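Written below as structure tokens is the structure these notes are about.
The values are calculated or read from the model by the stated rules, or taken from the named source; none is laboratory data. These numbers were taken from a predicted model, which means no experiment stands behind them. We place every Cβ from the backbone using ideal geometry, glycine too, and count neighbours over all the protein chains shown. To get the accessible areas, we keep the full protein, side chains included, count just its heavy atoms, and leave off ligands, DNA and RNA. Shrake-Rupley method; radii C 1.70, N 1.55, O 1.52, S 1.80 Å.
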Protein chains: 2
Amino acid sequence: MVYIHLKKVYDGAMDVLDRLSEKYGPRIEEALAKYLLRDAADDFKDAVLYQISTGGKRLRPILTLAVAEAVSGNYERALPAAAIVELIHNYSLIYDDIIDRGEVRRNKPTTRAAFGDYAAILIGIWYREAIEEAVLDTPKPSEFAREVAKVIKAIDEGERLDILFELAGRDDPYFVKARWPSVKLDDYIRMVGLKTGALIAAAAKWGAMSVADDRQLADAAWDFGMNAGIAFQIVDDVLDIFGDPKKFGKEIGKDIKEHKRGNIVVLLGLEELDERLRGELLSILSKPTVSDEDARRGVRILEGTNAKERALALADKYRERALASLSKMPHSKDLEELAAFIVQRQF
Amino acid sequence: MVYIHLKKVYDGAMDVLDRLSEKYGPRIEEALAKYLLRDAADDFKDAVLYQISTGGKRLRPILTLAVAEAVSGNYERALPAAAIVELIHNYSLIYDDIIDRGEVRRNKPTTRAAFGDYAAILIGIWYREAIEEAVLDTPKPSEFAREVAKVIKAIDEGERLDILFELAGRDDPYFVKARWPSVKLDDYIRMVGLKTGALIAAAAKWGAMSVADDRQLADAAWDFGMNAGIAFQIVDDVLDIFGDPKKFGKEIGKDIKEHKRGNIVVLLGLEELDERLRGELLSILSKPTVSDEDARRGVRILEGTNAKERALALADKYRERALASLSKMPHSKDLEELAAFIVQRQF
């Protein structure tokens, strides 16, 4: 049921994203290219532009500009901030794909697949300095520099925790040694807040910061994005385990195959299961290679729990918090429709 | 002969480095740990500190502090800048070791060997944000942020060129495709200026910038470091091909094994050789795997040229330029002895 509901909101909300993409898109693309190409050698330019050329909905920079426009009636001064959030997103994707040996993203070869792992590292290093160039173009470079460092550290830490919550599958000495013995709901919320929430929070906050000196407003924008991001990640986790692969383009139970205790359904399911089934699920998650059959068995075990309903109720709680924060911000039709899209659907 | 001469200067100059290490070392270590540990989770701290704990002479931050003290009589305000140069150095080493699959550095396992490639990437990302924290503690955060971005891009570009000057050995699609058809002396000087010169130049310049608003002084410091860095890299290249492995702890002809046209002796040798020997050396450099015997044959071919003498004469030219720039800076015994060490010997 939840999917039909989401599908409906999604179809309607897609209109707002299309509309805002048309409005802001060319300016966002122009800013991204400007910062990435500054100082780049001719025979490095294509390599540097490739990652952002693979697409993405640009939801984060659109959010930045929509907040700026709702607050001040003008989004021009928020363009560097918009570039920063999209560049941080892609900076983290370049390294995520190296770490996860990803071959395809957005139906195209990943940067590491197209150019090689080691070239991808040189490109990743470059992205971080393009971010710095954009920071220097914001209205408050020192404040933005501090914020950017905190957010990149947050994403790095979220990624680290996500990996340390896995039960197997990585042979890096550090991951094997530092793996967590158990994972609680608080740990999960912290991890997804860092991994997913912080950058959406920053996208909203930095839009406000670019056009106004209003601490309360900036905090409300941050809280909106953080709670919306957590709600999104929870729904994404549910879709990973139970979603229709045809509809959501995901391999069902991918997180089980990836040994993740950092999926909310797995985490809540493990809490509920009796010892026998708990042991079985943990042993599936601990296998060096989890087969399709193992993953399906894991999904069936989780179907026997209330994990899905509890997860969706949790998502609702964060969604409500997000909307409560939004109500403290200046209203605009664009921002409200965009917020509805963000809190309902994945991005 | 050149080695005996260098050895003599080295022994004498080592005293100045020991002395300045004793003087500045504890403050440098304290600053490095402060910026690296800020916001770090308890189970990440050891991993984050490991790279800097593997040692290194701290020559760059010592240079920063010696310049600051020569200029102003005080080095306190240059401590963030000193931390920045050492952190940038180690940031680039973490990724260099991933790119080159390095197992051992400074007689210890590299970060990637000790923690794994993918953990090393999370650590590398963290180093860049520790650099940003230090930037925010400098007396001029925006100016330093701009300088730091330029220097990290320079190192990234230098590394990229060094790889594109290789004739074989990497299967990254980008490197294979973008490899340069030929490499000239100007290309080499540009590459080593970026790869090695820029950070030594920055170490000197940022020491001056931390304590004085004097553009000419900052430029002189930059020129000193840049020319000294180029002189160093040329001597290092000569030692790679002709040095005594016992004395310099290097595998002879390692750069030949690594297919490098970006070694000055190889580059100047190729210019001089007749077509037959030129073809033979190029074919050795182009072999997917260069054997010890191949490398020795390559060294013998280069011995038949004037490349070594020409390279050392070139190093002398850059050394003189470095000393000419030094003479435009305030004098101090420490700085002069340190400069003598830097322009003569590797670091």
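Side notes on the structure shown:
- Solvent-accessible area assigned to carbon and sulfur over the protein assembly as shown amounts to 50 percent, based on a 1.4 Å probe.
- Note on chain A: GNM, Cα springs under 10 Å; of A:THR289, A:THR138, A:THR111, the largest mean-square fluctuation is that of A:THR289.
- Helix-derived mean residue ellipticity, 222 nm - over chain A, DSSP H n ≥ 4, -39500 (n - 2.57), to 500: -24500 deg cm²/dmol
- Average beta carbon contacts from partner chains per residue of B:153-161, 10 Å cutoff: 5
- Position B:PRO26: other-copy label points at 6.3 nm, ordered by increasing distance, label point 7 Å along Cα→C-beta.
- Above-threshold pairs, the threshold being 28 Å between Cα atoms, out of B:LYS184/B:LYS317; B:LYS108/B:LYS177; B:LYS195/B:LYS308; A:LYS34/B:LYS140; A:LYS195/B:LYS205; A:LYS108/A:LYS287: B:LYS108/B:LYS177; A:LYS195/B:LYS205; A:LYS108/A:LYS287
- Rounded to the nearest 20 debye, the dipole size of the protein assembly as shown about its Cα centre is 240 debye, using +1 on the Cβ of Lys and Arg and -1 on the Cβ of Asp and Glu.
- Expressed in units of 2.2 N^0.38 Å, where N is the residue count, the Cα radius of gyration of region A:2-344 is 1.00.
- Of the GluC sites (Glu not before Pro) found in region B:84-146, those that fall in a DSSP loop while having at most 12 other beta-carbon atoms within 10 Å are B:GLU103.
- Highest-fluctuation residue, B:VAL183, B:VAL71, B:VAL135 considered, GNM on chain B with Cα pairs under 10 Å: B:VAL183
- Whether region A:257-347 is rounded, prolate or oblate, judged on the alpha carbon gyration tensor where a/c under 1.5 counts as rounded: prolate
- Along the axis of the charge dipole computed for region A:230-347 (Cβ charges of +1 for Lys and Arg, -1 for Asp and Glu, origin at the Cα centre), the listed residues A:GLY262, A:ALA339, A:PHE242 are led at the positive end by A:ALA339.
- With a 10 Å cut-off around each Cβ of B:41-54, the average count of Cβ atoms from other chains is 2.
- Relative contact order of region B:192-347, defined on C-alpha pairs under 8 angstrom at six or more residues apart (%): 30
- Close amide H partners of A:GLU166, meaning residues 5 or more places away or on another chain with modelled amide H under 5 Å apart, are A:ARG261.
- Accessible area buried between chains B and A, both sides summed, probe 1.4 Å, in Å² to nearest 100: 4600
- Delta accessible area of at least 40 Å² on complex formation, residues of region B:98-123, 1.4 Å probe, chain isolated as reference: B:ILE99, B:PHE115, B:TYR118, B:ILE121, B:LEU122
- A dipole drawn for region A:2-344 from +1 and -1 charges on Cβ atoms has a positive end, and of A:THR289, A:ALA313, A:TYR91 the residue lying farthest that way is A:ALA313.
- When chain A is treated as a Gaussian network with alpha carbon springs shorter than 10 Å, the biggest mean-square fluctuation among A:ASP316, A:ASP186, A:ASP156 belongs to A:ASP186.
- Dimensions of region B:147-232 from C-alpha coordinates, computed as largest minus smallest value along each principal axis and given longest first, are 47, 24, 16 Å.
- Using θ = phi - 60° in the Karplus curve 6.51 cos²θ - 1.76 cosθ + 1.60, the 3J(HN,Hα) couplings for region B:135-144 round to 4, 5, 8, 6, x, 9, x, 5, 4, 5 Hz; x is entered for Gly and Pro.
- Qualifying trypsin sites (Lys or Arg not before Pro) for region B:291-329 [loop in DSSP, other Cβ within 10 Å: at most 13]: B:LYS328
- Simple point charges give the picture: +1 on the Cβ of Lys and Arg, -1 on the Cβ of Asp and Glu, and for chain A a dipole about the Cα centre of about 480 debye.
- By a 1.4 Å probe calculation restricted to protein chains, A:GLU336 has an accessible surface near 80 Å², given to the nearest 10.
- Principal-axis tilt of helix B:79-99 within chain B, Cα atoms, nearest 10 degrees: 30
- For chain A, the relative contact order comes to 20 percent (Cα pairs under 8 Å, sequence separation of at least 6).
- For region B:215-232, backbone phi angles converted through the Karplus equation (6.51, -1.76, 1.60; θ = phi - 60°) give residue-by-residue couplings of 4, 5, 5, 4, 5, 4, 5, 4, 5, 4, x, 4, 5, 5, x, 5, 4, 4 Hz, Gly and Pro being listed as x.
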